[in-house]
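*Asks:* Take this structure, written in C-alpha coordinates, and hold onto it; I'll ask about it next.
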Amino acid sequence: MPDLTISREVVIEAPVDVVWRTITEPGQMSEWFADRVDLVIEPGAHGYMQFGDQGGPVVVEVVDPPARFSFRWNHPLGEEPAVGNSMLVEFTLTPEGDERTRLRVVESGHELRDWPDAEKQRYADEHSGGWIEFTDRLATLLAKRQPE
Amino acid sequence: MTTHIDDGLWSAIADPSRRQVLDLIVSNGGVSASWLAGRVPFSRQAVSKHLAVLERAGLIRRRKQGREVLYQIDAVRLDQAARSMAELAAQWDRRLVAIKRIAEAAHTQNKRRERHDEHAPGR
(Lines give C-alpha, C1' and ligand atoms only; values in the text may rest on other atoms or scores of the structure.)
Protein backbone atom coordinates (compact mmCIF):
# COMPACT_ATOMS: atom_id res chain seq x y z
CA MET A 1 0.00 0.00 0.00
CA PRO A 2 1.53 3.30 -1.00
CA ASP A 3 1.52 5.75 1.86
CA LEU A 4 4.00 8.29 3.13
CA THR A 5 6.56 6.67 0.94
CA ILE A 6 10.11 7.64 0.21
CA SER A 7 11.20 6.41 -3.18
CA ARG A 8 14.70 7.04 -4.52
CA GLU A 9 16.70 5.64 -7.41
CA VAL A 10 20.25 5.47 -8.63
CA VAL A 11 21.95 4.07 -11.74
CA ILE A 12 25.10 2.13 -10.99
CA GLU A 13 27.80 1.25 -13.51
CA ALA A 14 28.21 -2.31 -12.28
CA PRO A 15 26.53 -5.67 -12.99
CA VAL A 16 23.47 -6.57 -10.97
CA ASP A 17 25.22 -9.33 -8.97
CA VAL A 18 27.89 -6.88 -7.76
CA VAL A 19 25.19 -4.45 -6.62
CA TRP A 20 23.31 -7.30 -4.97
CA ARG A 21 26.36 -8.26 -2.92
CA THR A 22 26.93 -4.64 -1.95
CA ILE A 23 23.47 -4.23 -0.50
CA THR A 24 23.09 -7.67 1.11
CA GLU A 25 26.45 -8.74 2.51
CA PRO A 26 26.55 -7.61 6.15
CA GLY A 27 30.24 -6.69 5.84
CA GLN A 28 29.43 -4.40 2.92
CA MET A 29 26.23 -3.08 4.46
CA SER A 30 28.27 -1.59 7.24
CA GLU A 31 30.09 0.45 4.58
CA TRP A 32 26.99 2.32 3.43
CA PHE A 33 24.36 1.84 6.07
CA ALA A 34 24.89 1.11 9.73
CA ASP A 35 28.14 1.08 11.70
CA ARG A 36 27.61 -2.54 12.56
CA VAL A 37 25.25 -5.01 10.92
CA ASP A 38 24.43 -8.33 12.57
CA LEU A 39 22.15 -9.94 10.08
CA VAL A 40 21.66 -13.20 8.24
CA ILE A 41 20.18 -12.57 4.82
CA GLU A 42 17.31 -15.02 4.99
CA PRO A 43 13.59 -14.33 4.97
CA GLY A 44 12.38 -13.97 8.55
CA ALA A 45 15.86 -13.61 10.04
CA HIS A 46 16.11 -11.23 13.01
CA GLY A 47 19.15 -9.03 13.20
CA TYR A 48 20.46 -5.84 14.68
CA MET A 49 21.94 -2.65 13.31
CA GLN A 50 24.10 -0.28 15.25
CA PHE A 51 24.27 3.43 14.38
CA GLY A 52 26.79 5.21 16.57
CA ASP A 53 25.56 4.70 20.11
CA GLN A 54 22.05 3.85 18.93
CA GLY A 55 20.74 0.71 17.37
CA GLY A 56 17.69 -1.32 16.65
CA PRO A 57 16.33 -4.63 15.49
CA VAL A 58 15.84 -5.48 11.84
CA VAL A 59 13.84 -8.31 10.34
CA VAL A 60 14.47 -9.55 6.81
CA GLU A 61 11.37 -9.98 4.65
CA VAL A 62 12.15 -10.80 1.02
CA VAL A 63 15.40 -12.21 -0.34
CA ASP A 64 15.13 -12.80 -4.08
CA PRO A 65 18.63 -12.55 -5.58
CA PRO A 66 19.60 -10.57 -7.48
CA ALA A 67 16.35 -8.65 -7.87
CA ARG A 68 14.62 -7.94 -4.55
CA PHE A 69 15.66 -7.49 -0.94
CA SER A 70 13.55 -6.03 1.82
CA PHE A 71 13.58 -5.63 5.58
CA ARG A 72 11.54 -4.03 8.33
CA TRP A 73 12.98 -1.77 10.98
CA ASN A 74 12.11 0.93 13.47
CA HIS A 75 9.59 -1.28 15.23
CA PRO A 76 9.26 -0.99 19.01
CA LEU A 77 11.72 -3.16 20.93
CA GLY A 78 10.18 -6.46 22.00
CA GLU A 79 7.47 -6.36 19.33
CA GLU A 80 7.35 -8.40 16.16
CA PRO A 81 7.57 -6.03 13.21
CA ALA A 82 4.42 -5.87 11.10
CA VAL A 83 2.51 -3.46 8.94
CA GLY A 84 1.67 -0.58 11.22
CA ASN A 85 4.53 -0.66 13.74
CA SER A 86 7.56 -0.51 11.52
CA MET A 87 9.09 0.87 8.35
CA LEU A 88 9.55 -1.39 5.33
CA VAL A 89 12.65 -0.86 3.20
CA GLU A 90 12.52 -2.48 -0.25
CA PHE A 91 15.38 -2.62 -2.70
CA THR A 92 14.67 -3.45 -6.34
CA LEU A 93 17.53 -4.14 -8.75
CA THR A 94 16.97 -3.95 -12.49
CA PRO A 95 19.80 -4.80 -14.87
CA GLU A 96 20.23 -2.41 -17.79
CA GLY A 97 22.65 -4.35 -19.94
CA ASP A 98 25.60 -6.33 -18.58
CA GLU A 99 27.35 -3.59 -16.67
CA ARG A 100 24.65 -1.25 -15.52
CA THR A 101 22.03 -1.62 -12.77
CA ARG A 102 19.14 0.55 -11.75
CA LEU A 103 18.69 0.40 -7.98
CA ARG A 104 15.51 1.63 -6.39
CA VAL A 105 14.80 1.95 -2.69
CA VAL A 106 11.36 2.49 -1.25
CA GLU A 107 10.81 3.13 2.42
CA SER A 108 7.21 2.99 3.55
CA GLY A 109 5.30 2.83 6.79
CA HIS A 110 5.56 6.42 7.95
CA GLU A 111 1.81 6.77 7.73
CA LEU A 112 -0.50 7.21 10.65
CA ARG A 113 -0.86 3.82 12.19
CA ASP A 114 -4.48 3.68 13.23
CA TRP A 115 -6.27 4.95 10.17
CA PRO A 116 -9.48 3.20 9.24
CA ASP A 117 -9.01 1.02 6.15
CA ALA A 118 -11.24 3.13 3.93
CA GLU A 119 -9.11 6.14 4.72
CA LYS A 120 -5.93 4.22 3.96
CA GLN A 121 -7.31 3.08 0.64
CA ARG A 122 -8.36 6.56 -0.35
CA TYR A 123 -4.95 7.83 0.60
CA ALA A 124 -3.29 5.07 -1.39
CA ASP A 125 -5.40 5.89 -4.43
CA GLU A 126 -4.57 9.55 -4.25
CA HIS A 127 -0.89 9.17 -3.53
CA SER A 128 0.54 6.33 -5.54
CA GLY A 129 3.29 8.74 -6.56
CA GLY A 130 4.62 9.15 -3.04
CA TRP A 131 4.82 12.21 -0.89
CA ILE A 132 7.83 13.99 -2.27
CA GLU A 133 5.58 16.02 -4.54
CA PHE A 134 3.72 17.15 -1.43
CA THR A 135 6.97 18.50 -0.04
CA ASP A 136 7.56 20.33 -3.29
CA ARG A 137 4.05 21.68 -3.28
CA LEU A 138 4.46 22.86 0.31
CA ALA A 139 7.64 24.65 -0.63
CA THR A 140 5.90 26.34 -3.56
CA LEU A 141 3.01 27.38 -1.37
CA LEU A 142 5.37 28.71 1.27
CA ALA A 143 7.25 30.70 -1.32
CA LYS A 144 4.17 32.45 -2.64
CA ARG A 145 2.53 32.83 0.76
CA GLN A 146 0.96 36.23 1.33
CA PRO A 147 2.59 38.26 4.08
CA GLU A 148 0.18 38.41 6.95
CA MET B 1 18.18 5.44 13.35
CA THR B 2 16.40 7.70 10.91
CA THR B 3 15.64 11.36 11.28
CA HIS B 4 13.28 11.74 14.15
CA ILE B 5 9.92 13.18 13.31
CA ASP B 6 7.44 13.51 16.08
CA ASP B 7 4.33 11.45 15.61
CA GLY B 8 1.92 14.35 15.92
CA LEU B 9 3.43 16.03 12.91
CA TRP B 10 3.42 12.89 10.78
CA SER B 11 -0.13 12.02 11.67
CA ALA B 12 -1.28 15.54 11.02
CA ILE B 13 0.11 15.74 7.51
CA ALA B 14 -0.29 12.07 6.58
CA ASP B 15 -4.03 12.37 6.18
CA PRO B 16 -5.06 13.55 2.69
CA SER B 17 -8.19 15.35 3.90
CA ARG B 18 -6.13 17.28 6.39
CA ARG B 19 -3.61 18.12 3.72
CA GLN B 20 -6.44 19.51 1.65
CA VAL B 21 -7.50 21.67 4.60
CA LEU B 22 -3.91 22.69 5.18
CA ASP B 23 -3.45 23.59 1.49
CA LEU B 24 -6.54 25.80 1.58
CA ILE B 25 -5.31 27.58 4.67
CA VAL B 26 -1.82 28.06 3.23
CA SER B 27 -3.17 29.47 -0.03
CA ASN B 28 -5.82 31.71 1.46
CA GLY B 29 -4.42 33.01 4.72
CA GLY B 30 -6.84 33.45 7.61
CA VAL B 31 -9.99 31.46 6.94
CA SER B 32 -12.91 30.28 9.05
CA ALA B 33 -14.13 26.74 9.53
CA SER B 34 -17.34 27.43 7.64
CA TRP B 35 -15.44 28.92 4.70
CA LEU B 36 -13.34 25.74 4.60
CA ALA B 37 -16.41 23.52 4.89
CA GLY B 38 -17.78 25.11 1.72
CA ARG B 39 -14.70 24.08 -0.23
CA VAL B 40 -14.08 20.48 0.77
CA PRO B 41 -16.04 17.34 0.00
CA PHE B 42 -16.54 16.43 3.65
CA SER B 43 -18.70 17.61 6.52
CA ARG B 44 -18.31 20.70 8.65
CA GLN B 45 -17.84 18.35 11.59
CA ALA B 46 -14.93 16.63 9.83
CA VAL B 47 -13.41 20.05 9.09
CA SER B 48 -13.51 20.90 12.79
CA LYS B 49 -11.82 17.61 13.66
CA HIS B 50 -9.09 18.17 11.10
CA LEU B 51 -8.54 21.71 12.31
CA ALA B 52 -8.15 20.46 15.89
CA VAL B 53 -5.51 17.92 14.84
CA LEU B 54 -3.61 20.48 12.77
CA GLU B 55 -3.72 22.91 15.66
CA ARG B 56 -2.46 20.30 18.12
CA ALA B 57 0.43 19.52 15.79
CA GLY B 58 1.26 23.22 15.80
CA LEU B 59 0.76 23.55 12.04
CA ILE B 60 -1.99 26.14 12.30
CA ARG B 61 -3.00 28.82 14.80
CA ARG B 62 -6.32 30.45 15.44
CA ARG B 63 -7.05 34.09 15.92
CA LYS B 64 -10.24 35.95 16.67
CA GLN B 65 -11.51 38.57 14.31
CA GLY B 66 -14.68 40.10 15.64
CA ARG B 67 -16.99 37.21 16.29
CA GLU B 68 -15.21 34.91 13.85
CA VAL B 69 -12.40 32.47 14.56
CA LEU B 70 -9.89 32.46 11.72
CA TYR B 71 -7.24 29.83 11.11
CA GLN B 72 -3.84 30.57 9.68
CA ILE B 73 -0.71 28.48 9.20
CA ASP B 74 2.30 28.49 11.44
CA ALA B 75 5.00 28.95 8.80
CA VAL B 76 7.87 27.91 11.07
CA ARG B 77 6.28 24.60 11.92
CA LEU B 78 5.28 23.96 8.31
CA ASP B 79 8.84 24.62 7.19
CA GLN B 80 10.05 22.21 9.80
CA ALA B 81 7.66 19.52 8.53
CA ALA B 82 8.77 19.97 4.94
CA ARG B 83 12.42 19.88 5.99
CA SER B 84 11.99 16.72 8.06
CA MET B 85 10.48 14.90 5.12
CA ALA B 86 13.13 16.14 2.73
CA GLU B 87 15.84 15.05 5.17
CA LEU B 88 14.55 11.47 5.23
CA ALA B 89 14.74 11.35 1.45
CA ALA B 90 18.20 12.94 1.49
CA GLN B 91 19.37 10.24 3.90
CA TRP B 92 18.46 7.56 1.37
CA ASP B 93 20.10 9.55 -1.42
CA ARG B 94 23.33 9.54 0.55
CA ARG B 95 23.09 5.80 1.12
CA LEU B 96 22.41 5.13 -2.57
CA VAL B 97 25.41 7.23 -3.55
CA ALA B 98 27.54 5.20 -1.14
CA ILE B 99 26.22 1.92 -2.60
CA LYS B 100 27.01 3.20 -6.10
CA ARG B 101 30.55 4.12 -5.10
CA ILE B 102 31.22 0.74 -3.43
CA ALA B 103 29.66 -1.36 -6.20
CA GLU B 104 31.45 0.53 -8.97
CA ALA B 105 34.79 0.24 -7.16
CA ALA B 106 34.23 -3.52 -6.70
CA HIS B 107 33.33 -3.88 -10.36
CA THR B 108 36.44 -2.01 -11.50
CA GLN B 109 38.55 -4.23 -9.27
CA ASN B 110 36.89 -7.40 -10.61
CA LYS B 111 37.59 -6.34 -14.18
CA ARG B 112 41.20 -5.58 -13.35
CA ARG B 113 41.58 -8.99 -11.73
CA GLU B 114 40.03 -10.69 -14.78
CA ARG B 115 42.43 -8.91 -17.10
CA HIS B 116 45.30 -9.86 -14.85
CA ASP B 117 44.20 -13.52 -14.85
CA GLU B 118 43.97 -13.57 -18.64
CA HIS B 119 47.57 -12.46 -18.92
CA ALA B 120 48.83 -14.65 -16.12
CA PRO B 121 51.14 -17.45 -17.22
CA GLY B 122 49.75 -20.96 -17.01
CA ARG B 123 46.32 -20.10 -18.37
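*Asks:* For residues that are more than 7 Å from chain B (Cβ to nearest Cβ), outside any loop (DSSP other than H, G, I, E, B) and over 16 Å from residue A:71 (Cβ atoms), scanning just region A:1-20, find the one that is modelled with the lowest pLDDT.
*Replies:* If we filter region A:1-20 for residues that are more than 7 Å from chain B (Cβ to nearest Cβ), which is where we start, we get A:1-3, A:5, A:7, A:9, A:11, A:16-17, A:20.
Retained after the next criterion (residues that are outside any loop (DSSP other than H, G, I, E, B)): A:7, A:9, A:11, A:16-17, A:20.
With the extra rule that they be over 16 Å from residue A:71 (Cβ atoms), the set shrinks to A:7, A:9, A:11, A:16-17.
On the way: A:7: 82, A:9: 89, A:11: 94, A:16: 96, A:17: 95.
Only one residue tops the list, namely A:7.
*Asks:* Now, a different point. Can you tell me which residue within region A:46-85, out of those that are within 11 Å of chain B (Cβ to nearest Cβ) and in contact (Cβ under 8 Å) with a residue 24 or more places away in the chain, is surrounded by the fewest Cβ atoms within 10 Å (Cβ to Cβ)?
*Replies:* A:74
*Asks:* The conditions are (1) at the interface with chain B (Cβ under 10 Å from one of its Cβ atoms); (2) not in a loop (DSSP other than H, G, I, E, B), and residue A:99 fails exactly one of them. Which is it?
*Replies:* (2)
*Asks:* Additional query: Would you be able to say whether some residue in region B:29-41 is touching a His at 6+ places or on another chain (Cβ under 9 Å) and farther than 28 Å from residue A:108 by Cβ?
*Replies:* Checking region B:29-41: at least one residue is touching a His at 6+ places or on another chain (Cβ under 9 Å) and farther than 28 Å from residue A:108 by Cβ.
*Asks:* Do any helices (runs of 4 or more DSSP H) lying entirely in region B:14-59 carry at least 1 residues that are at pLDDT 90 or above and over 23 Å from the mean Cα position of the chain (by Cα), and which ones are they?
*Replies:* Working: elements: B:16-28, B:33-37, B:44-56.
Of the helices (runs of 4 or more DSSP H) lying wholly inside region B:14-59, those with at least 1 residues that are at pLDDT 90 or above and over 23 Å from the mean Cα position of the chain (by Cα) span B:33-37, B:44-56.
*Asks:* Residue pairs, Cβ under 6 Å, 6 or more apart or interchain, first in region B:41-69 and farther than 18 Å from residue B:17 by Cα, second aliphatic (A, V, I, L, M). List them.
*Replies:* Listed pairs, sorted by first residue: B:62/B:69; B:63/B:70.
*Asks:* If you don't mind, there's one more thing I want to ask. Just wondering, is there one or more residues in region B:105-116 that are of a type in the set (Ser, Thr, Tyr), assigned to a helix (DSSP H, G or I) and without any contact (Cβ under 8 Å) to a residue 12 or more places away in the chain?
*Replies:* Within region B:105-116, the subset of a type in the set (Ser, Thr, Tyr) is B:108.
Retained after the next criterion (residues that are assigned to a helix (DSSP H, G or I)): B:108.
Keeping just the survivors that are without any contact (Cβ under 8 Å) to a residue 12 or more places away in the chain gives B:108.
Within region B:105-116 (the criterion being of a type in the set (Ser, Thr, Tyr), assigned to a helix (DSSP H, G or I) and without any contact (Cβ under 8 Å) to a residue 12 or more places away in the chain), the answer is yes, since at least one residue qualifies.
*Asks:* Residues in region B:90-107: is at least one more than 11 Å from chain A (Cβ to nearest Cβ), modelled with pLDDT under 90, surrounded by 16 or more Cβ atoms within 10 Å (Cβ to Cβ) and out of contact with any Ser or Thr (no Cβ under 8 Å at 6 or more places or on another chain)?
*Replies:* Let us first name the residues in region B:90-107 that are more than 11 Å from chain A (Cβ to nearest Cβ), namely none.
No, the conditions are met nowhere in region B:90-107.
Residue by residue, here is whether (1) part of a loop (DSSP other than H, G, I, E, B); (2) touching a strand residue (DSSP E or B) at 6+ places or on another chain (Cβ under 9 Å); (3) of a type in the set (A, V, I, L, M, F, W, C) holds:
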| site | (1), (2), (3) |
| --- | --- |
| A:41 | yes, yes, yes |
| A:55 | no, yes, no |
| A:63 | no, yes, yes |
| A:66 | yes, yes, no |
| A:87 | no, yes, yes |
| A:103 | no, yes, yes |
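The values are calculated or read from the model by the stated rules, or taken from the named source; none is laboratory data. Just so it is clear, the structure is predicted and the values come from calculations on it, not from any experiment. Every residue, glycine among them, receives a Cβ derived from its backbone with ideal geometry; neighbour counts consider all protein chains shown.
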